[in-house]
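These notes are about the structure you will find just below.
The values are calculated or read from the model by the stated rules, or taken from the named source; none is laboratory data. Remember, it's a predicted structure, so these values are computed and weren't measured experimentally. Positions of Cβ are backbone-derived with ideal geometry, glycine not excepted, and every protein chain shown enters the neighbour counts. Note: accessible area is taken over every heavy atom of the protein model, side chains too, but ligands, DNA and RNA are not part of it. Shrake-Rupley method; radii C 1.70, N 1.55, O 1.52, S 1.80 Å.
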Amino acid sequence: MALIEVKNLEKVYSTEGVETPALQGVSFEIERGEFVAIMGPSGSGKSTLLHILGFLDKHTNGIYKFDGKTLDDYPESELAHVRNRKMGFVFQSFNLLPRSTVLENVKLPLLYSDIEESLWDEMAKKAIEDVGLSHRAHHNSSQLSGGEKQRAAIARALVNNPQVIFADEPTGNLDSKSGKMVMEIIQRLNEEKGHTVILITHETYTAEHAQRIIRLRDGTIESDEKVFHRHASDDFLK
């Protein structure tokens, strides 16, 4: 059974009686441990799709199953648990608390979990180590560079050891060197740690860290192809 199953998915936004289709008949599956990039120009529907896959928004028609269950199969209380424990989110704008340390930021998802508080520090430090940021663990996030902020955000997404990491334009606010480092970390997390990764991007270079690229245009799938010239990840996390 695939981790993610999407069949004839549609999303229509209605504003003052005007209906705007964002997704039209989208179908695909993503297996556990895959690294899939979803590409497309602005307005292609890629962010809408990410929000639906992450249970942050509801689709209009079609079927979406995560781990064998549809949105309606989850009670609201369990849905919050799934988002917290099985999904990790990394956004372009980092979304860190500026006056809190890296360690405090990374521990945030644990506040809403059923994990014993005595384990929080150990789990957060392990996630910070996984992104090569241990030397900055006690610095406030406002003191970090852009690349370090995104690495902290990745550690926060990792802290619950989620089944899938959703990364929405994670290099969008970074210079090329920092962006390359962030993508190498994400690729290593997929290759070495086995996390399923779904990456939203408009950059071909960034997408080529994935194993597969789904291209969207005007709310439909234009192509769904394997990456044959994938970037080699370096030894950053070894």
How many Å² of accessible area per residue for the chain, probe 1.4 Å?
48 Å²
With the Cα gyration tensor of the chain in hand, convert its eigenvalues to equivalent ellipsoid semi-axes via √(5λ) and list them largest first in whole Å.
29, 21, 17
Taking the Cα centre as origin and putting +1 on Lys and Arg beta-carbons and -1 on Asp and Glu beta-carbons, what dipole magnitude results for region 1-81, to the nearest 20 debye?
200 debye
Please report the carbon-and-sulfur percent of the accessible area for the chain; probe 1.4 Å, protein heavy atoms only, DNA, RNA and ligands left out.
47 percent
Restricting to DSSP loop positions (anything but H, G, I, E, B) with no more than 11 other Cβ atoms inside 10 Å of their own Cβ, which trypsin sites (Lys or Arg not before Pro) remain in region 72-121?
99
Using the Cα centre of the chain as origin and beta-carbon charges of +1 (Lys, Arg) and -1 (Asp, Glu), tell me which of 174, 9, 82 is placed farthest towards the positive end of the dipole.
174
Between region 58-133 and region 194-216, what is the C-alpha centre distance in whole Å?
21 Å
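Could you sort out which of 11/126; 58/126; 65/226; 65/180; 86/149 sit more than 27 Å apart by Cα distance in this structure?
Exceeds cut-off: 11/126; 58/126; 65/180.
What dipole magnitude, in Debye to the nearest 20, does the chain give about its Cα centre under +1 on Lys/Arg Cβ and -1 on Asp/Glu Cβ?
Computed charge dipole of the chain: roughly 440 debye.
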Between 165, 52, 185, which gets the highest mean-square fluctuation from a Gaussian network model of the chain, Cα cutoff 10 Å?
52
Approximate spin-label separation residue 203-residue 63, in nm, with each point projected 7 Å along Cα-to-Cβ
3.7 nm
DSSP bridge pairs, the chain: antiparallel proportion in percent, nearest 5
55 percent
Calculate for the chain the 222 nm mean residue ellipticity that helices alone would give, adding -39,500 (n - 2.57) per DSSP H run of length 4 or more and normalising by residue count, nearest 500 deg cm²/dmol.
-9500 deg cm²/dmol
Extending each Cα 7 Å along its Cβ direction at residue 79 and residue 161, get the distance between those two points in nm, one decimal.
2.8 nm
